[in-house]
Amino acid sequence: MLIFPMTEEKTRRDQTYCFTNISEEPLTWELTPFASPYVKDADSTQKLYRVSYDVFKLSPLAGVLQPDETQNVLIEFCPLSKGSYNQAWCIHDVTDRQGSSIRFSIYAKASPSSSSGRSSPQQDIVPQGLTPTNVSKSRTSHSNSKSQDQEPVTP
């Protein structure tokens, strides 16, 4: 599981996910989302929402690794509202006919902006970019990550 530090809403924080080709053959890989991103605690209702925008942006999404080479993937977290965000991704071996893949999860928390000047929350307003859902959990696994500085982002 890759875990981001607390991030203010409407800002961007970057981390790097690293993986290594430990085989003796070149690896042609591709990153794909396993499921849509979800957020909870985005409002006072405690509902779980599906995120309808790219809250996590990964780059590059594909490539070729030679034996013992390591790939660094930049992951940007860009939340538009407060809450606990989660999304599962898969690294696929494109040339493997059996469909080998490794799944990892990204987890991040966003706090309200210190300059938002919000009044008391309203329970009937769905935060921007979110859709109500009944999904409860996603699976996790381990990763290596490096945190970088937080930057403002425009919604």
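Quick note: the coordinates plus some simple rules give every number you see, no bench work behind them. Not measured: the values here are computed from a predicted model. Note: ideal-geometry Cβ built from the backbone for every residue, glycine included; neighbour counts use all protein chains shown.
Among SER100, SER44, the ranking by other beta carbons within 10 Å of each residue's beta carbon, starting with the fewest, stands as SER44, SER100.
Between CYS18 and GLN66, how many nm apart are label points set 7 Å from Cα along the C-beta direction? The two pseudo-label positions are separated by 1.9 nm. Mind running the shape call on the stretch 34-92? Use the C-alpha gyration tensor, a ≥ b ≥ c as the square roots of the eigenvalues: rounded below 1.5 for a/c, prolate if a/b tops b/c, oblate otherwise. Judged from the Cα gyration tensor, the stretch 34-92 comes out prolate (a/c at least 1.5, a/b above b/c). This ranking places VAL73, VAL51 by how few other beta-carbon atoms lie within 10 Å of each, fewest first, which gives VAL73, VAL51.
Backbone N atoms of the stretch 86-105 closer than 20 Å to the 7 Å Cα→Cβ label point of GLU30 belong to residues 88-105.
With an a/c value of 1.5 or above and a/b larger than b/c for the gyration tensor axes a ≥ b ≥ c computed over the alpha-carbon atoms, the stretch 19-125 is described as prolate.
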